[in-house]
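In what follows, a single structure is set out as structure tokens and then discussed.
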Amino acid sequence: MRSRAAIAMIILCAAAVWRMAPGAVELPAFARVRSRWRPSDAQLLDRNGNPVYEMRIDARGRRLAWTSLDDISPALIAAVLASEDRRFHSHRGVDAIASAAAALRWMTGGRVRGTSTITMQLASMLDPSLARGGHRRSLFEKVRQMRAALALERSWSKREILEAYLNLVVWRGENQGVAAASRAMFAKLPGGITAGEAALMAALLRAPNAGRDAAMRRAMALRARIGAGAPAQGDIAAAADRAFSSVRTRVNPVMLAPHLAARMLGEDRATVRCSLDADLQRVASESLRRRIAEVADRNVDDGAVLVVENATGQVWAYVGGAGRFSPAPWVDGVRAIRQPGSALKPFLYAFAIDRRMLTAASLVEDTPLEVSEERGLYRPMDYDRRFRGLVTVRTALGSSLNIPAVRTIDLVGVDSFADKLRALGIGTVVEEGNYYGAALALGSADVTLWDLVNAYRTLANGGVMSPLTTEEKSGGAREDRRIYSREAAFIVSDILADRAARGETFGLENLLATRYWSAVKTGTSKDMRDNWCVGFTDRFTVGVWVGNVSGAPMRDVTGITGAAPVWLDVMDYLYERYGADAPEAPEGVVARRVSFANAIEPPRTEWFVRGTEPQVAAVRIDDRSPRVVSPADGTIVALDPDIPSDRQRVMFTAARASANVRWFLDGIARGAADRSWVWHPSPGSHTVALIDSAGRTLDSATFVVRGCDTSASALSAATGDAGS
């Protein structure tokens, strides 16, 4: 009888208070609350939502990106509901059972607590006038909060209420929202929170400033309420150890990708999601720093790494420099302009193969060469200053021989090759071909790592080029353009993957010889100022630059010792995660067994573009005739007025000349061509020729001597043989 009277009294009192309490205020819509959310940090997030760069822009509290309910661990949601609002899904904003029980305790002098539902708490977060001040909330204030909760439930869904609550609630210290709390306590995204961690986080909602032992006791008490899926005691203890041992160190800002963040975050400094993979970014950054430290004594202080996915063009790693170890940490090495050295050679040979001027089995000369250009004579040399005579294109490219590359660019034309590089997207090649000269074959033009990696990706994609992107999702139509045929791209890729083709220069065992299929090329610019290593598997292309931001030369560092170790570290990591398969030969290529006269190279099976394969299983040497090496055709010799005329010389040299071949200058015999001949120059236009005993002209070159020289000694010397 007494209980019935008490209940009746409660109902009458509640009705009276409800009528007397002020009305509830208007609350914003869910969409507006979410759109107004502003993180305290500008964040660059990777493809999985992990931060790769952070910058604090609001010191009032720590807020990370808004987290969708679908991206929050179900264990955490269950723990919060068990702790804060067990009947959340069954009430309409106010838990009548909990409220009646609280009223009964109040009337009997007991402690009143636990009546605020998640909806009521959220209403107080949305309207500060409903929030508790410095004293206990009055009865009228409580009723006003209830009215606001009922109104909220009529306009918001349960999912929206729960999602907003988890993002707006203050968990511990300055951390507001589930993303900031899970990051600070466990260095995790909300979706990765375990059952033990969830119990601890839910316990801290009621007592955010509790110490480790108190928080653990609360979490253990919560286990019974969670029911199915409740964590083990050991899991809660382990979670407490992690949360309380390093909570301060884990809120340090992440700075894995500062150079890309500078490009993507923009002036509004909002949270942006990009295509990077945080784990790969970390591996590439650490490898670059470690490998640079290993060669620091050779005057190496910086580098850059770029990793892209072949199919999509998405950038998976963007390391613009060596971080705090760099002398210029904000210079972006991925976009810096540098000379690529031999890294351009694959595109030259692919061009020649595409135009059916060469095959992988074609023989090219690695012999002394002079090229007459507007800026003077160009005398290319191989890295080891050796001459190998005739070599195949496969060996010339695989072993990165310079002179065959210069002969090849002379074959295809410097202007045509410059146009091809521009078509590949190398936007820094802006001049006409004669500006770069034949040295363009050896990397005399400036490039960026960004453009160079995409050019190699074009080979990996069978000759089709499209732009790179750092966006998480590639929107719109792709701008695919065919630059090379599938056949030419395949043959060049096969050469770059050929360990034996590299052997002449690099040996069979080196850092480029991976245990899986990969195609790779190194490059070193003039005076060892830049070293490159760029290569690809079927899925990824990886490019590395190592050098000095200042442009200062390195000492005894090549692509193999500088950039290749970083390239191999990154490639091995990708292989362990994703594997690598060798590409299939396209229908337009055929395999033929070839052998070479005079045992120039061992017999082998070679790939050819269909229609260019030899009709017999041998590649013959067609041209062994002598030729003029120096002076090159078109050379201009300038007499120096400060040097006595009889001290000035021009040397004539020939290749493959025998004793029965003679030098002729302007139609006058000068001596046997099997040795060099030195001549005192005289002004005018001259022609030097190699003529055999039968009177046949085997080769010739025309050159011009400029200057004024009328001395008797010079005129006399000009008509006589000066010896060898």
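The values are calculated or read from the model by the stated rules, or taken from the named source; none is laboratory data. Note that the coordinates shown come from a computational prediction; the quantities given were computed from them, not determined experimentally. Glycine gets a Cβ as well: all are built from the backbone with ideal geometry, and neighbour counts include every protein chain shown.
Test F387 against the criterion of being assigned to a loop (DSSP other than H, G, I, E, B), of a type outside the set (D, E) and more than 25 Å from the chain's Cα centre (by Cα), and give yes or no. So F387 passes the test. When residues in region 218-263 are screened for being assigned to a helix (DSSP H, G or I), modelled with pLDDT under 85, out of contact with any helix residue (DSSP H, G or I) (no Cβ under 8 Å at 6 or more places or on another chain) and not hydroxyl-bearing (S, T, Y), 1 of them pass. Here is a check on your reading of the model: is A215 surrounded by 22 or more Cβ atoms within 10 Å (Cβ to Cβ), out of contact with any helix residue (DSSP H, G or I) (no Cβ under 8 Å at 6 or more places or on another chain) and either free of Cβ contacts under 8 Å to residues at least 12 places away in the same chain or not charged (D, E, K, R) (or both)? Against the criterion (surrounded by 22 or more Cβ atoms within 10 Å (Cβ to Cβ), out of contact with any helix residue (DSSP H, G or I) (no Cβ under 8 Å at 6 or more places or on another chain) and either free of Cβ contacts under 8 Å to residues at least 12 places away in the same chain or not charged (D, E, K, R) (or both)), A215 does not qualify. For region 268-282, the count of residues that are under 18 Å from the mean Cα position of the chain (by Cα) and within 18 Å of C533 (Cβ to Cβ) is nonzero.
Yes/no matrix, rows are residues, columns are (1) of a type in the set (G, A, S); (2) over 27 Å from D297 (Cβ atoms); (3) in contact (Cβ under 8 Å) with a residue 40 or more places away in the chain; (4) touching a Pro at 6+ places or on another chain (Cβ under 7 Å):
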residue: R499; (1), (2), (3), (4): no, yes, no, no
residue: T505; (1), (2), (3), (4): no, no, yes, no
residue: W517; (1), (2), (3), (4): no, yes, yes, no
residue: T522; (1), (2), (3), (4): no, no, yes, no
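The single residue among G177, G196, G211 that is more than 23 Å from S116 (Cα to Cα), of a type outside the set (A, V, I, L, M, F, W, C) and at pLDDT 90 or above turns out to be G196.
Does F186 count as closer than 30 Å to G320 by Cα, out of contact with any His (no Cβ under 6 Å at 6 or more places or on another chain) and either of a type in the set (K, R) or touching a residue at least 24 places away in the same chain (Cβ under 8 Å) (or both)? For F186, the condition - closer than 30 Å to G320 by Cα, out of contact with any His (no Cβ under 6 Å at 6 or more places or on another chain) and either of a type in the set (K, R) or touching a residue at least 24 places away in the same chain (Cβ under 8 Å) (or both) - is met. When E141 is tested against (1) at pLDDT below 90; (2) buried (at least 21 other Cβ atoms within 10 Å of the Cβ), just one condition goes unmet, and that condition is (2).
Within region 277-297, the set of residues being hydrophobic (A, V, I, L, M, F, W, C) and touching a Leu at 6+ places or on another chain (Cβ under 8 Å) comprises A278, L280. Would you call D494 outside any loop (DSSP other than H, G, I, E, B) and without any contact (Cβ under 8 Å) to a residue 40 or more places away in the chain? So D494 fails the test. The selection criterion, being surrounded by 18 or more Cβ atoms within 10 Å (Cβ to Cβ) and in the same structural domain as D581 (by TED's automatic domain parsing), holds for Y456.
When A580, A552 are screened for being over 27 Å from D301 (Cβ atoms), in a loop (DSSP other than H, G, I, E, B) and modelled with pLDDT of 85 or more, only A580 passes. If you go through region 193-212 and pick out every residue that is part of a helix (DSSP H, G or I), closer than 17 Å to V178 by Cβ, of a type outside the set (A, V, I, L, M) and without any contact (Cβ under 8 Å) to a residue 60 or more places away in the chain, you end up with 1. In region 507-531, the residue that is modelled with the highest pLDDT out of those that are assigned to a strand (DSSP E or B) and in contact with a Ser or Thr (Cβ under 6 Å, 6 or more places away or on another chain) is A519. Close Cβ contacts (under 7 Å, 6 or more residues apart or on different chains) running from residues in region 49-75 that are part of a helix (DSSP H, G or I) to residues that are surrounded by 20 or more Cβ atoms within 10 Å (Cβ to Cβ) comprise L69/L162; L69/E163; D71/P190; A75/I193; A75/A195; A75/A198. Filtered by the rule that a residue be under 25 Å from D70 (Cα atoms) and basic (K, R), region 191-241 gives R206, R223, R225. Filtering region 408-419 to residues that are surrounded by fewer than 20 Cβ atoms within 10 Å (Cβ to Cβ) and either at pLDDT 90 or above or of a type in the set (A, V, I, L, M, F, W, C) (or both) leaves L411, V412, G413, D415, S416, D419. Pairs linking a residue in region 221-236 that is more than 8 Å from A199 (Cα to Cα) to a residue that is modelled with pLDDT of 85 or more and not in a helix (DSSP H, G or I), with Cβ atoms under 7 Å and 6 or more positions apart or on different chains, are R225/R86; D235/T194. Strands (runs of 3 or more DSSP E) fully within region 589-649 that include at least 2 residues being surrounded by 14 or more Cβ atoms within 10 Å (Cβ to Cβ) and modelled with pLDDT of 85 or more: 589-594, 604-609. Only one of the numbered conditions (1) part of a helix (DSSP H, G or I); (2) of a type in the set (F, W, Y); (3) in contact with a helix residue (DSSP H, G or I) (Cβ under 7 Å, 6 or more places away or on another chain) is not met by Y456, and that is (3).
Taken over region 663-679, residues that are closer than 27 Å to R706 by Cβ and part of a strand (DSSP E or B) amount to 10.
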